[in-house]
Amino acid sequence: MFNYLFYLIPLALLFMNQQSYAGSEHVQELDQLIISTPINDNHTNSVLAVSILSGDDLRMKAASSLGETLKNELGISSQSFGPGVGQPVIRGQTGSRVQVLQSGLGSLDVSSLSPDHANSTEALWAERIEIIRGPATLLYSSGAIGGVINVLDNRVPDSVPETLFGGAFEQRYNTVNEGKSSAFKIDGGKGNVAWHLDGFYRDSINQQISENAIAGVDDGKRLLNSNTRAQSGTAGFSYITDQGFIGFSVNHLDNNYGIPPGDEPDEVRIDLKQTRYDMKAQLKDPLSFAETLNIRLSYNDYQHVELENGAAGTVFSNEGFESRIELIQKPWAFFDHGVVGVQTKNSEISALGEEAIIPKADINTFSFFTVQDIHTEQMTYQLGLRVEQQWINPERLSEVSHTPVSVSASALWSVTNEDSIKLTFSRSERAPDIQELFTNGAHLATSSYAIGSSNLTVETSYNIELGFHFDHDLFQANFNIYQNWVQDYISQINNGQFFNTLSETFVNNCINNCLPVFNTQQQGAEFQGFEAQMTIPLLTTDYGHLDSEFFADYVRGQFSNGDDIPRMPPMKYGLQLSWENTAWSSQLRMTHAEKQQNPGLNETETDGYWLLDLSTHYRLQVSEQADMLLFAKANNLLDQDIRHSVSFLRTSAPEAGRGVEMGVRIEF
């Protein structure tokens with residue numbers, strides 16, 4: 001009986017009396033600036049393909065992983081490895097083809113080495129998250145053909161708050177895994193000094209699932225070894241004047257999570273620790289031809305231990321330093337805006353232990369980039385260039401180096417004040433990563449034996465995208481279609497063999513103590529897809545407005561020989577109904593994912609599913625200085641057995657069953 005009360009809470013909140021909030025007319029939001037681009041493009045009138053998540057929308061979607069937070073955004077899926085890991089997949093791309101940033105600099109972890117490695121970037125206290133696709137990705141990476149995810153926070157304040165103390169406290173509880181999380185942040189300042197503190201604690205037991213994780217194995221409908229525990233704390237301050245600012249922050253993260261499925265004697269857990277130091281500075285009008293000079297530095301000490309049945313196994317570490325300097329130009333020649341900059345990355349990465357699948361190595365990268373804008377009455381053009389030099393010097397092996405060169409061009413035609421058309425083209429090159437070059441060995445956490453190739457060359461991608469934007473009283477819509485041709489696409493392919501862990505030999509047939517073998521290969525590849533979103537207002541009253549949203553996205557990936565690229569997301573589409581007024585917001589969302597019938601060589605198909613979610617939040621003023629946000633989310637109301645085709649664990653670790661997450665947030 002107690003459990004059923006949790007499922008009734010969001011329904012009760014949804015239909016709670018709203019009579020005391022009359023006059024809740026549809027509020028028009030101001031258009032947002034894209035902070036990830038130093039030239040501050042306007043969201044609507046930008047040539048960029050960009051999505052922005054902020055405010056209460058971000059608070060409602062924030063989850064324990066970045067992939068889980070962004071999974072409902074167009075073109076994005078979550079490559080889950082149990083609840084502790086959720087890597088974002090954009091347009092079928094993941095790993096280093098999706099660049100994850102913490103306020104403009106890389107996460108400096110080892111999440112790209114293996115899908116079981118969690119991303120250290122947290123979305124819980126993000127001010128906003130920007131997903132950038134297309135030409136502007138060259139500001140941060142040559143090879144991010146999927147896109148760039150920039151998690152923006154206030155760890156290093158860039159302005160002095162109006163009050164000495166202000167902040168927020170948040171408490172959440174999730175029935176599906178008895179997950180409890182507590183978080184706080186405090187921002188303040190006086191005179192020329194601003195400061196910031198934040199922290200969180202998160203704990204959960206094994207996650208409930210709708211069916212047994214593995215057919216024929218009775219696990220009590222719990223995903224074994226999926227419990228998690230994480231905690232983090234941040235302190236930062238800045239000195240700010242009219243001429244600019246300089247600030248520093250330090251953050252420490254502890255994250256311990258299980259790799260499902262697992263029970264004794266095959267339990268694998270990851271104990272992750274990271275300490276990160278950041279410096280951020282800005283100088284206004286540094287030169288006669290420049291508006292601002294931005295400088296960002298980050299040092300990161302990262303380590304995680306793979307615990308096998310409680311004993312320390314392989315230790316992965318990454319001690320890295322990244323720097324970035326941007327000069328924002330004033331109008332010059334026929335360019336209206338522009339940015340030029342340099343970026344460096346230096347890291348020492350290693351894996352020590354029985355499963356040391358990569359050698360210890362020094363990785364150094366130097367990059368030059370520029371993006372320039374041209375504006376006319378109805379047209380906006382953007383040109384981009386990035387040149388990188390990467391050196392990988394592995395211990396006891398020969399150094400390898402690559403020089404990716406990438407260019408981009410895009411145009412925006414403002415057909416009317418309400419309608420626009422965007423066309424973008426880019427030629428992007430990506431240097432192979434260390435795991436693609438030198439991986440060689442068994443990895444129990446991923447249940448695989450991976451073999452790299454030191455002869456890999458630069459991967460070259462040709463991308464074209466056409467987008468349409470409509471903004472009318474009767475409807476608002478966005479449509480994007482894209483085509484990517486990739487030469488020498490790097491991928492891990494299941495070659496059909498097995499590695500027998502007892503005899504330590506490669507065999508063609510195996511029943512027990514076996515790991516599938518994955519070879520790193522290069523061949524031509526092609527991706528095509530679309531994203532569509534349309535919002536239609538249905539009803540407007542004195543008490544709020546009801547809107548409907550239709551959405552769909554699709555990507556198809558094939559190698560040049562006709563084989564399917566493995567772990568591609570299926571076509572997804574659905575409908576969302578939203579009711580909003582000045583204090584209240586509720587959403588009912590139904591998503592259908594088609595069956596993935598193109599799984600790739602030696603991979604298994606993935607069934608389709610229906611996902612029904614309900615979320616609602618209510619904001620009220622509790623004092624002159626404080627607001628309270630009450631929220632609840634009912635997830636997977638149909639209790640479907642959901643398995644994502646992008647996941648390596650789709651046959652053994654399904655997504656969460658029916659559950660309710662609820663919480664309270666107090667802002668002061």
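Treating the stretch 376-456 as a set of equal point scatterers at the Cα positions, no solvent, please give the Debye-formula log₁₀ I(q)/I(0) at q = 0.15 Å⁻¹.
Ignoring solvent entirely, the Cα scatterers give -0.71.
With just the Cα atoms defining each centre, how far is the stretch 307-346 from the stretch 533-582? Give it in Å.
32 Å
Enumerate the calculated ³J(HN,Hα) couplings along the stretch 583-594 in order (Karplus 6.51 cos²θ - 1.76 cosθ + 1.60, θ = phi - 60°), each rounded to whole Hz, writing x wherever the residue is Gly or Pro.
Karplus-based 3J(HN,Hα) across the stretch 583-594 equals 10, 10, 8, 9, 9, 10, 10, 10, 10, 10, 9, 6 Hz.
Among the listed pairs LYS180/LYS572; LYS221/LYS633; LYS190/LYS345; LYS221/LYS273; LYS71/LYS185, which are separated by more than 29 Å between their Cα atoms?
Check vs 29 Å cut-off fails for LYS180/LYS572; LYS190/LYS345; LYS221/LYS273.
Placing +1 on the Cβ of each Lys and Arg and -1 on the Cβ of each Asp and Glu in the stretch 441-553, which of PHE468, GLN528, GLN497 has its Cα farthest towards the positive end of the resulting dipole?
The residue sitting most towards the positive pole is GLN497.
Take the chain, compute every pairwise Cα distance, and split them into 10 Å bins from 0; I just need the percent in each bin.
Whole-percent P(r) values from 0 Å outward: 3, 15, 26, 28, 20, 7, 1, 0.
Which value, in debye to the nearest 20, gives the size of the charge dipole of the chain about its Cα centre, when Lys and Arg are +1 and Asp and Glu are -1 at the Cβ?
320 debye
Using packing as a proxy for protection, rank 64-74, 202-212 so that the peptide with the highest average count of other Cβ atoms within 10 Å comes first.
Top to bottom by mean Cβ count within 10 Å: 64-74, 202-212.
By average Cβ neighbour count within 10 Å, what is the ranking of 133-141, 301-309, 156-164 from highest down?
133-141, 301-309, 156-164
Any idea which of THR137, GLN343, GLY84 is furthest toward the positive side of the dipole for the chain, if Lys and Arg beta-carbons carry +1 and Asp and Glu beta-carbons -1?
Farthest towards the positive pole: GLN343.
Per the helix-only calculation at 222 nm, which mean residue ellipticity applies to the chain, given -39500 (n - 2.57) for every DSSP H run of n ≥ 4 and division by its residues, nearest 500 deg cm²/dmol?
When only DSSP H runs of four or more count, the value is -1000 deg cm²/dmol.
Every number here is computed from the coordinates shown, using simple stated rules; none is lab data. In this text the structure is predicted, and so the values were computed from the model without any measurement. Don't worry about glycine lacking a Cβ; one is built from the backbone with ideal geometry, like all the others, and counts go over all protein chains shown.
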